[in-house]
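Report on the following structure.
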Amino acid sequence: MQNRLEELRKMLDRIVIGNEPDKICMYASHMYGVSKFCTLLAEKRNLNAELATTCGMLHDIGYMAGGSSDNHAIEGAKRAETLLKEMKAYNDNEIKIITNAIANHSDKRSIHDEYDELLKDADVMDHCFYNNDFSIAEWEFDRYNNLLIEFGINLIK
Ligand SMILES: [Fe+2]
Ligand SMILES: [Fe+2]
(Lines give C-alpha, C1' and ligand atoms only; values in the text may rest on other atoms or scores of the structure.)
(Ligands and ions follow the chains in the order given, each with its own letter.)
Protein backbone atom coordinates (compact mmCIF):
# COMPACT_ATOMS: atom_id res chain seq x y z
CA MET A 1 0.00 0.00 0.00
CA GLN A 2 1.49 3.32 -1.11
CA ASN A 3 -0.02 5.77 1.33
CA ARG A 4 -2.61 4.90 3.95
CA LEU A 5 -4.30 8.28 3.95
CA GLU A 6 -4.78 8.28 0.19
CA GLU A 7 -6.13 4.72 0.27
CA LEU A 8 -8.54 5.73 3.02
CA ARG A 9 -9.57 8.86 1.12
CA LYS A 10 -10.49 6.78 -1.93
CA MET A 11 -12.57 4.40 0.20
CA LEU A 12 -14.34 7.25 1.99
CA ASP A 13 -15.13 9.07 -1.23
CA ARG A 14 -16.78 5.87 -2.43
CA ILE A 15 -18.62 5.16 0.82
CA VAL A 16 -19.70 8.71 1.73
CA ILE A 17 -20.16 10.45 -1.61
CA GLY A 18 -20.72 7.59 -4.06
CA ASN A 19 -22.79 8.87 -6.97
CA GLU A 20 -24.28 11.79 -5.08
CA PRO A 21 -22.25 14.96 -5.77
CA ASP A 22 -24.48 16.96 -3.38
CA LYS A 23 -22.74 15.12 -0.58
CA ILE A 24 -19.44 16.77 -1.51
CA CYS A 25 -20.77 20.01 -0.09
CA MET A 26 -22.87 18.44 2.67
CA TYR A 27 -20.37 15.96 3.99
CA ALA A 28 -16.97 16.01 2.30
CA SER A 29 -16.27 19.67 3.11
CA HIS A 30 -16.69 18.89 6.84
CA MET A 31 -14.91 15.52 6.68
CA TYR A 32 -11.84 16.99 5.02
CA GLY A 33 -12.10 20.34 6.81
CA VAL A 34 -11.89 18.59 10.16
CA SER A 35 -9.11 16.32 8.92
CA LYS A 36 -7.01 19.34 7.92
CA PHE A 37 -7.55 21.01 11.29
CA CYS A 38 -6.53 17.69 12.89
CA THR A 39 -3.28 17.82 10.91
CA LEU A 40 -2.63 21.39 12.03
CA LEU A 41 -3.36 20.61 15.68
CA ALA A 42 -1.18 17.50 15.62
CA GLU A 43 1.75 19.52 14.28
CA LYS A 44 1.13 22.17 16.93
CA ARG A 45 0.84 19.63 19.78
CA ASN A 46 3.60 17.24 18.65
CA LEU A 47 1.23 14.36 18.01
CA ASN A 48 1.21 11.94 15.08
CA ALA A 49 -0.24 13.97 12.20
CA GLU A 50 -1.18 10.96 10.09
CA LEU A 51 -3.19 9.34 12.90
CA ALA A 52 -4.81 12.66 13.72
CA THR A 53 -5.76 13.24 10.07
CA THR A 54 -7.27 9.76 9.98
CA CYS A 55 -9.39 10.57 13.05
CA GLY A 56 -10.74 13.64 11.27
CA MET A 57 -11.50 11.81 8.03
CA LEU A 58 -13.47 9.10 9.81
CA HIS A 59 -15.02 10.98 12.72
CA ASP A 60 -18.54 11.44 11.31
CA ILE A 61 -18.72 8.24 9.29
CA GLY A 62 -21.47 7.15 11.70
CA TYR A 63 -23.98 9.37 9.92
CA MET A 64 -22.13 10.23 6.70
CA ALA A 65 -22.21 6.63 5.54
CA GLY A 66 -25.95 6.40 5.98
CA GLY A 67 -26.54 6.00 9.73
CA SER A 68 -28.50 8.21 12.08
CA SER A 69 -26.93 11.31 13.63
CA ASP A 70 -28.16 10.08 17.04
CA ASN A 71 -25.35 8.18 18.69
CA HIS A 72 -23.24 8.61 15.53
CA ALA A 73 -20.00 8.84 17.55
CA ILE A 74 -20.35 5.33 19.02
CA GLU A 75 -21.75 3.83 15.84
CA GLY A 76 -19.06 5.60 13.80
CA ALA A 77 -16.30 4.20 16.00
CA LYS A 78 -17.58 0.67 15.30
CA ARG A 79 -17.84 1.35 11.58
CA ALA A 80 -14.34 2.89 11.50
CA GLU A 81 -12.92 -0.12 13.34
CA THR A 82 -14.37 -2.49 10.74
CA LEU A 83 -13.10 -0.37 7.87
CA LEU A 84 -9.59 0.03 9.30
CA LYS A 85 -9.33 -3.70 10.02
CA GLU A 86 -10.40 -4.45 6.45
CA MET A 87 -7.63 -2.18 5.18
CA LYS A 88 -5.05 -4.25 7.09
CA ALA A 89 -2.81 -1.18 7.22
CA TYR A 90 -3.29 -0.08 10.86
CA ASN A 91 -2.12 -1.92 13.96
CA ASP A 92 -4.36 -2.57 16.98
CA ASN A 93 -2.96 0.34 18.97
CA GLU A 94 -3.51 2.79 16.11
CA ILE A 95 -7.06 1.52 15.62
CA LYS A 96 -7.72 1.96 19.35
CA ILE A 97 -6.48 5.58 19.31
CA ILE A 98 -8.60 6.42 16.25
CA THR A 99 -11.78 4.67 17.40
CA ASN A 100 -11.58 6.07 20.95
CA ALA A 101 -11.29 9.59 19.53
CA ILE A 102 -14.30 8.99 17.27
CA ALA A 103 -16.37 7.46 20.07
CA ASN A 104 -15.73 10.46 22.37
CA HIS A 105 -15.90 13.30 19.84
CA SER A 106 -19.50 14.35 20.55
CA ASP A 107 -18.79 14.83 24.25
CA LYS A 108 -17.35 18.32 23.89
CA ARG A 109 -17.78 19.22 27.57
CA SER A 110 -15.58 16.43 28.96
CA ILE A 111 -11.81 16.02 28.73
CA HIS A 112 -10.45 12.73 27.37
CA ASP A 113 -7.10 11.59 25.87
CA GLU A 114 -4.93 13.84 23.72
CA TYR A 115 -6.16 12.50 20.36
CA ASP A 116 -9.78 12.64 21.57
CA GLU A 117 -9.26 16.28 22.55
CA LEU A 118 -7.50 17.06 19.29
CA LEU A 119 -10.44 15.66 17.31
CA LYS A 120 -13.04 17.55 19.36
CA ASP A 121 -11.07 20.77 18.88
CA ALA A 122 -10.72 20.22 15.12
CA ASP A 123 -14.48 19.59 14.88
CA VAL A 124 -15.12 22.86 16.72
CA MET A 125 -12.66 24.72 14.47
CA ASP A 126 -14.43 23.52 11.34
CA HIS A 127 -17.84 24.53 12.75
CA CYS A 128 -16.65 27.93 14.01
CA PHE A 129 -14.53 28.93 11.00
CA TYR A 130 -17.23 27.90 8.52
CA ASN A 131 -18.72 31.40 8.60
CA ASN A 132 -17.34 34.03 10.98
CA ASP A 133 -20.71 35.83 10.99
CA PHE A 134 -22.45 32.88 12.62
CA SER A 135 -22.55 32.80 16.40
CA ILE A 136 -20.64 30.13 18.28
CA ALA A 137 -22.74 27.34 19.76
CA GLU A 138 -22.87 27.46 23.55
CA TRP A 139 -21.33 23.98 23.95
CA GLU A 140 -18.40 24.93 21.71
CA PHE A 141 -17.74 28.36 23.18
CA ASP A 142 -15.03 27.44 25.72
CA ARG A 143 -13.14 25.23 23.29
CA TYR A 144 -13.29 27.89 20.59
CA ASN A 145 -11.87 30.54 22.93
CA ASN A 146 -9.15 28.18 24.17
CA LEU A 147 -8.16 27.45 20.57
CA LEU A 148 -7.89 31.16 19.80
CA ILE A 149 -5.60 31.52 22.80
CA GLU A 150 -3.56 28.45 21.77
CA PHE A 151 -3.00 29.98 18.33
CA GLY A 152 -2.43 33.48 19.69
CA ILE A 153 -5.45 34.90 17.87
CA ASN A 154 -6.94 37.95 19.54
CA LEU A 155 -10.54 37.53 18.47
CA ILE A 156 -12.38 36.56 21.65
CA LYS A 157 -16.15 36.58 21.02
FE1 LIG B 1 -19.95 14.34 14.87
FE1 LIG C 1 -18.10 16.62 12.85
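The values are calculated or read from the model by the stated rules, or taken from the named source; none is laboratory data. Here the structure is a predicted model, which is why all the values come from computation and not from measurement. Note: ideal-geometry Cβ built from the backbone for every residue, glycine included; neighbour counts use all protein chains shown.
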Top-ranked residue of segment 1-34 - restricted to ones that are within 17 Å of V124 (Cα to Cα) and touching a residue at least 40 places away in the same chain (Cβ under 8 Å), ranked as surrounded by the most Cβ atoms within 10 Å (Cβ to Cβ):
V34
Residues (within 13 Å of ligand 1 (Cβ to nearest atom), surrounded by fewer than 18 Cβ atoms within 10 Å (Cβ to Cβ) and under 17 Å from D107 (Cβ atoms)) located in segment 64-90
S69, D70, N71, I74
Among the residues of segment 31-42, are any of a type outside the set (K, R), more than 13 Å from ligand 1 (Cβ to nearest atom), over 20 Å from W139 (Cβ atoms) and not in a helix (DSSP H, G or I)?
no
Criterion first (under 29 Å from F141 (Cβ atoms) and without any contact (Cβ under 8 Å) to a residue 24 or more places away in the chain) does N46 satisfy it?
yes
With the condition being away from ligand 2 (no atom under 13 Å from the Cβ), more than 17 Å from the chain's Cα centre (by Cα) and at pLDDT below 95, I'd like the helices (runs of 4 or more DSSP H) fully within segment 51-156 carrying at least 3 qualifying residues.
141-150
Looking only at segment 106-120, how many residues end up being under 15 Å from L51 (Cα atoms), in contact (Cβ under 8 Å) with a residue 24 or more places away in the chain and surrounded by 17 or more Cβ atoms within 10 Å (Cβ to Cβ)?
3
